[in-house]
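Note sheet for the following structure.
Laboratory data are not the source of any read-out in this text; all were calculated from the coordinates shown. Predicted model only: the values in this text are computed from it and were never measured. Cβ coordinates were reconstructed from backbone atoms using ideal geometry, including for glycine residues, and neighbour counts include every protein chain displayed.
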Amino acid sequence: MAEPIKHMVVEIKSAWNSPMVVDSAALAGEDHAPWDEEWSPSGLDDWARAGHNAVVFDKNMDIDACIRLELWTDEPSPTPPMWDHMWDGDIYLRSGQLQIHDLHEAWSRGDVFDVGQRDATWAVRIQHRRLENDQEPDYPRDIYQVDLFKLQFWKLEAF
């Protein structure tokens, strides 16, 4: 049975429009990065792109977001269908040290999330949901919106 090893939650303020989870080796110029021409991501229906060393999210600049990173011993059970989008795939991580940055700005947020192994391909499940004001019908829905992103990592071969 899969068990969570650790997690990290990072809040992103509304000014960021392309937050990304990126490997430190890409930030240091040691491997392919989302701003390189060689980076060839898989598009996830206009809500994210996943590729070598990074996942880039497409987020409305007017909305805050939270990104949750999780490391698991094995593939976690699928969560209830509360997510608007979900993608399962794999991602190569050069250093295994993940950081939250903005693709277009030099902003970063949070600590380094260490998956514990470098030069490895990891299985990943990426999920997205937008929460809106749906409890107070007397007020506009857009007064409260937040994008939630969850990335669950596990080794292709269990620990």
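Figures for the structure shown
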quantity	calculated
Rough spin-label spacing in nm, given labels placed 7 Å along Cα→Cβ, for Tyr92 and Ser108	2.3 nm
Computed [θ] at 222 nm, helices only, for the chain once each DSSP H run of length n ≥ 4 contributes -39500 (n - 2.57)	-500 deg cm²/dmol
Electrostatic dipole magnitude of the chain [Cβ: Lys, Arg +1; Asp, Glu -1; Cα centre; debye, to 20]	300 debye
Candidate lysines - alpha carbon under 26 Å from Lys13, same-chain residues fewer than 8 apart omitted	Lys59, Lys150
Nearest-0.05 FRET efficiency for Met1 and Ala28, computed from C-beta distance (R0 35 Å)	0.40
Per residue, the convex hull volume that the Cα atoms of segment 1-120 enclose (Å³)	113 Å³
Under 23 Å from Lys155, Cα to Cα: lysines that are on another chain or at least 8 residues apart	Lys6
Leading residue at positive end of dipole, segment 4-155 (Cβ point charges), from His104, Ala50, Ser14	Ala50
Size descriptor, Kirkwood hydrodynamic radius, that averages inverse alpha-carbon separations across segment 107-146, Å	14.4 Å
Residues of segment 63-99 with amide N under 12 Å of the 7 Å Cα→Cβ point at Arg129	79-86
